[in-house]
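The values are calculated or read from the model by the stated rules, or taken from the named source; none is laboratory data. Quantities reported herein were computed from a predicted structural model and do not represent experimental measurements. Heads up, the Cβs are rebuilt from the backbone with ideal geometry, glycines too, and the neighbour counts pull from every protein chain shown.
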Amino acid sequence: MSRGLDARDAALRRVPARVPSYPGRMLARRRRMYFAMMGTCIALFVLAWAVVRIWSVPAAVGMCLVAMIIPPVAAMVANRRGPDDRWWDDPSGDPESDEWWDELDGKNRRPRDRP
């Protein structure tokens, strides 16, 4: 039994040391916004069919239509990158690929030979 645990521990140690991390405040802000939007969505559904339908079914349907739009927007907000996120120029770990992208971006331009 301990042999299986040792193999698992060895596999976990092979995980690359460089794991991309995001600034805590930015992730927390996006997470709060996502949960606020999804909470609003659930509240709209519950209020529409528990309370508002008693007085106006078209208003309840309208509330549900608004609530239907919120989840995709919340997903876009939660996955949005901030202006201080520099994900596009992080090295990938593959030297050949990084060199190729640097060349395309014009970072490592060599002076041209002129005749």
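Which condition breaks for Asp102 when tested against (1) under 30 Å from Met37 (Cα atoms); (2) surrounded by 10 or more Cβ atoms within 10 Å (Cβ to Cβ); (3) modelled with pLDDT of 75 or more?
(1)
Hey, can you tell me all the residues within the stretch 77-93 that are loosely packed, with under 11 Cβ neighbours inside 10 Å and modelled with pLDDT of 80 or more?
The answer is Asn79, and nothing else.
Condition check: of a type outside the set (S, T, N, Q), at pLDDT 80 or above, closer than 23 Å to Gly39 by Cα and under 27 Å from the mean Cα position of the chain (by Cα). Does Ala67 satisfy that?
Criteria met by Ala67.
Of the conditions (1) modelled with pLDDT of 95 or more; (2) over 20 Å from Arg80 (Cα atoms); (3) not polar (S, T, N, Q), Arg53 clears all except one; give me its number.
Exception for Arg53: condition (1).
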